[in-house]
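The structure appears right after this line, and notes come after that.
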Amino acid sequence: MSHRVIVPIGPYHPLQDEPEFFQLYVEGEKVVDIDIFIGYNHRGIEKLSESKHYDQVAFLVERICGICSSSHPYAYVLAVEDILGQEKNVVPKRALYIRTIIDELQRIHSHLLWLGLAGHFIGYNTVWMWAWKYREPVLDMFEMITGNRNNYAMFKVGGVRRDIKDEDIPILKKALDDLVPALDMFKGAVMDDPVIQARLKGVGILTKKQAIDWCVLGPTARASGVNIDVRRDEPYGACDLINWNVIVEKDGDIFAKTVVRILEMYESVSMIRQCLDKMPKGEIDADVKDIPPGEGIGRVEAPRGECFHYVKSDGTNRPVRHKIRAPSFMNVASNKVAAVGQTISDATITLAAVDPCYCCTERVAVIKKSDNKKILNGWDLIKLSQEKTAKLKQQMGIND
Amino acid sequence: MNVRDRIKEELGSKISYWQETNSKRIYFTIDKKDIFKTVEFMFKKLGLRFAIASGINTPSGFEILYHFSYDKAGEVYSVRVLIEEKNNPEIDSISSIFPGADWIEREMWELLGINFKGHPNLKHLLLSEDWPEGEYPLRRKNES
């Protein structure tokens, strides 16, 4: 039997917003098993939520994640509105459109962020710089609408907190128009590049059966042929008032996950345009006063998958129980099957493919079980991944 | 036959309470000894997606809701189980039916102190390994 070494990845790095700790068991070059440790960022928000009143909880859950910081408050207000009656019966129509605009803008910025990181891990640093460059105008749009680049504070039970000004709409549309050529460029850069195809196709495969058994969500599930999307299945906001498509791929590898995310950005651009056109005039807040006793469930398709909130009310001004399930909770666990059998140079990109707010790889160190001697550090592992791409390029006769 | 009717037909008298808070939200209560069979039926036979489970400490003991999503119709079926035991609650583990339930059972075990019988790997998930034994953050103290 070959010598088995443990490769710890994580848990902390200044870049990442979700510390996770992967322990890879490696024989030779091959990953044979993986242990996943989470909890480094456990802040007890579910417990804290029980001590805040309904208005405050929206701000609290916004701080769960800085990247999908509109999904959590949205799912939470949907859960509370589920107690009051459904969203459509409670919230004014204009607010529904504004909610969808915020939700889709967030999807674009999150997918661009992932695309940049994924590019970096396989040695395409130009993709990284480009993706983050074109993410900036999206954040500017956020700043224009909400006043904040992140943590938008837009959602409240019964509506939204800020209106979109009429004079801003042409500027927003211009920004969306400018974004499309950038997306075209990424689509071409990824889908037509033989090296990226060779590097990502057939790597980190999650089969449809595995995707169902591990209950994965969002782009991770849709890339494996599982046709789920909360926006279509249980429409919220203006999702059922406009036209758009759910992107599904069959292969389940990292290439399919990349394609799903790139094509989804086009759909989001189209959704925001339609919302800006169709948005009626009127109120943006229903001014909800009391929450009756009962229990409600709110679901939102976050960039990474279904975000699930359960709220139980006893008629007071604070929730009795607030259960939060972020999509990464299900997706990260599936690495147990996706990463096993890969080579160690593919491990970084495989673990990154579910988009788990991931940059922890930079703290990787290979340690021999027997003498705890450090052989590789995190940067070496990314270099391994990038060298593999360079080697592929050389074999194919492509020069930078 | 729709999913509602199939659940009612299969589980029949095992369901002690059926509640639909609106057209998309269905809650029903079963006895805790039936949980394994019920989840197996809903996941394997009906092909529902397991969204999550949520536990709560009630005055008389514990309550677990297993939320299943029927994505074709956008409905959520929540199976409610009551555990009338204040100090040493336990229930059958469902993680042998599908691995996606593994983490949430570990989470409920450490936060609420519910023992999942037959769970292969019941160890800390969110809390630190040296968390004091018998301290469960989501249990309510001194409530009569």
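The values are calculated or read from the model by the stated rules, or taken from the named source; none is laboratory data. None of these values were measured; they are calculated from a predicted model. Please note: Cβ atoms are built from the backbone with ideal geometry, for glycine as well, and neighbour counts cover all protein chains shown.
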### Query
Going by the structure shown, is A:T100 buried (at least 21 other Cβ atoms within 10 Å of the Cβ), assigned by TED's automatic domain parsing to the domain that holds A:G66 and polar (S, T, N, Q)?
yes
### Task
Pick out the one residue from A:A189, A:A175, A:A131 that is touching a Pro at 6+ places or on another chain (Cβ under 9 Å) and outside any loop (DSSP other than H, G, I, E, B).
A:A175
### Message
Scan segment A:109-120 and tell me whether some residue there is buried (at least 21 other Cβ atoms within 10 Å of the Cβ), touching a Cys at 6+ places or on another chain (Cβ under 8 Å), among the polar types (S, T, N, Q) and modelled with pLDDT under 95.
### Response
yes
### Message
Every residue in segment A:303-323 that is of a type in the set (K, R) and within 10 Å of chain B (Cβ to nearest Cβ), please.
### Response
A:K312, A:R321, A:K323
### Query
Of all residues in segment A:199-231 being surrounded by fewer than 17 Cβ atoms within 10 Å (Cβ to Cβ) and farther than 25 Å from B:S69 by Cβ, which is farthest from the other protein chains (Cβ to nearest Cβ)?
A:K201
### Task
Test A:R299 against the criterion of being away from every other protein chain (no Cβ under 14 Å) and either modelled with pLDDT of 95 or more or buried (at least 24 other Cβ atoms within 10 Å of the Cβ) (or both), and give yes or no.
no
### Task
For segment B:115-124, indicate whether the set of residues that are touching a residue at least 12 places away in the same chain (Cβ under 8 Å) and within 9 Å of chain A (Cβ to nearest Cβ) is non-empty.
yes
#### Entry: Among (1) of a type in the set (G, A, S); (2) at pLDDT 90 or above; (3) within 30 Å of A:N335 (Cβ to Cβ); (4) surrounded by fewer than 24 Cβ atoms within 10 Å (Cβ to Cβ) - the single one A:S71 does not satisfy
(4)
### Task
For segment B:17-40, enumerate the residues that are surrounded by 14 or more Cβ atoms within 10 Å (Cβ to Cβ), of a type in the set (D, E) and in contact (Cβ under 8 Å) with a residue 24 or more places away in the chain.
B:E40
### Task
Take the residues in segment A:163-198 that are of a type in the set (V, I, T) and surrounded by fewer than 20 Cβ atoms within 10 Å (Cβ to Cβ), then tell me which one is nearest to B:K44 (Cα to Cα).
A:V195
### Members of segment B:20-33 found to be more than 8 Å from chain A (Cβ to nearest Cβ) and touching a Lys or Arg at 6+ places or on another chain (Cβ under 9 Å), listed by number
B:E20, B:I26, B:F28, B:T29, B:I30, B:D31
### Message
I'd like to verify a number: residues in segment B:87-129 that are in contact with a strand residue (DSSP E or B) (Cβ under 7 Å, 6 or more places away or on another chain) and small (G, A, S), how many?
### Response
4
### Message
Could you check segment B:60-102 and list, in sequence order, the residues that are among the small types (G, A, S), more than 7 Å from chain A (Cβ to nearest Cβ) and either assigned to a loop (DSSP other than H, G, I, E, B) or more than 10 Å from the chain's Cα centre (by Cα) (or both)?
### Response
B:S60, B:G61, B:S69, B:A73, B:S93, B:S95, B:S96
### Message
Please count how many residues of segment B:34-59 are in contact with a strand residue (DSSP E or B) (Cβ under 8 Å, 6 or more places away or on another chain) and more than 14 Å from every other protein chain (Cβ to nearest Cβ).
### Response
3
### Query
In segment A:320-339, is there at least one residue being touching a helix residue (DSSP H, G or I) at 6+ places or on another chain (Cβ under 6 Å), buried (at least 17 other Cβ atoms within 10 Å of the Cβ) and modelled with pLDDT under 80?
no
